[in-house]
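The structure under discussion appears below in the form of structure tokens.
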Amino acid sequence: MRKPHAWKATLPAIAMAFVPVQFAQAENYIIDSKRTEVRFSYVMAFATQRGRFSRVEGNLEFDERAPQKSQVFAKIATASVETGQPIIDDTLKGAEFFNAKAAPTLTFRSRSVKSTDADTAQITGDMTINGITKPVTLDVTLTKHENPALKYSKGRKRFVGKTKISRSAFKMTSYADMVADEIGIEIDAIVRPKR
């Protein structure tokens with residue numbers, strides 16, 4: 001009986017070498033609107049004042065093996081601004097500041113990601129406020145936010161991004177003699193895997 005040629009014996013192994021390898025892909029996350037807010041701070045009359053936006057939505061596309069390929073998008077309802085002082089809230093929603101009627105959303109869309117450590121990165125992107133788009137860079141941390149006792153918390157992460165902007169760059173120049181130009185912004189979000 002003739003023995004099979006050696007190349008026939010190795011044919012299956014050669015064929016397997018040409019089977020496409022399944023690489024890990026970026027995972028998609030959705031912002032948990034009920035557990036997310038965008039906070040801001042500013043100096044008025046030498047005292048730091050704070051406020052927040054309570055209606056936030058968006059998504060995170062996170063590639064653990066190649067973080068630089070990750071993407072972030074957040075959309076904030078400007079009418080959801082809250083400072084605890086109704087008079088100030090109405091002023092901020094008005095045409096002199098966030099102009100909630102003409103510009104109902106404030107957005108951030110990432111353009112590039114640079115890892116700075118295992119859980120941190122700098123994300124550069126476009127922020128649109130009052131209908132004006134400017135580049136900004138967020139200092140970001142992304143950490144696990146799971147609770148083994150809670151079934152629906154599996155795979156969740158906490159995303160925190162901080163930056164500073166000049167309000168005058170977005171045509172918010174009113175009360176310049178009382179309110180500083182620099183505004184601190186912090187996105188504090190819980191994101192859940194998209195299923």
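We did not get these values from a lab; they are worked out from the coordinates using the rules stated. Please read these numbers as outputs of a predicted model, since none were measured by experiment. Ideal geometry is used to build each Cβ from the backbone, glycine not excepted, and the neighbour counts take in all protein chains shown.
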**Report entry** Separation between Cα centres of the stretch 34-69 and the stretch 131-195, rounded to whole Å
**Finding:** 2 Å
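Pull out the extension gain between ALA77 and ALA26, defined as 0.36 nm times the separation in residues minus the alpha carbon to alpha carbon distance; nm, one decimal.
That works out to 15.6 nm of additional length.
Normalised by the number of residues in the chain, what is the relative contact order in percent for Cα pairs under 8 Å and 6+ residues apart?
Worked out over the chain, it gives 21 percent.
Give me the Å³ per residue figure for the convex hull around the C-alpha atoms of the stretch 25-193.
121 Å³
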Requested in this report: For the chain, with a Gaussian network of springs between Cα atoms less than 10 Å apart, report the residue from THR36, THR48, THR124 with the top mean-square fluctuation.
Outcome: THR48
**Report entry** Most to least packed among 51-58, 174-181, 99-106 [average Cβ atoms within 10 Å]
**Finding:** 51-58, 99-106, 174-181
Query raised in the report: GNM, the chain, Cα, under 10 Å: largest mean-square fluctuation among TYR42, TYR152, TYR29?
Result: TYR152
Requested in this report: Evaluate the relative contact order of the stretch 116-195 (contact order divided by residue number), counting alpha-carbon pairs under 8 angstrom at least 6 apart; express in whole percent.
Outcome: 25 percent
Report task. Please give the net charge around ASN99, taking every other residue with its beta carbon less than 15 angstrom from that of ASN99, where Lys and Arg add +1 and Asp and Glu add -1. Result -> +1
**Report entry** Fluctuation leader among ILE185, ILE129, ILE88 - the chain, Gaussian network, Cα springs under 10 angstrom
**Finding:** ILE88
Query raised in the report: Could you work out the helix-only [θ] at 222 nm for the chain, with each DSSP H run of four or more residues adding -39,500 (n - 2.57) and the total divided by the number of residues, to the nearest 500 deg cm²/dmol?
Result: -2500 deg cm²/dmol
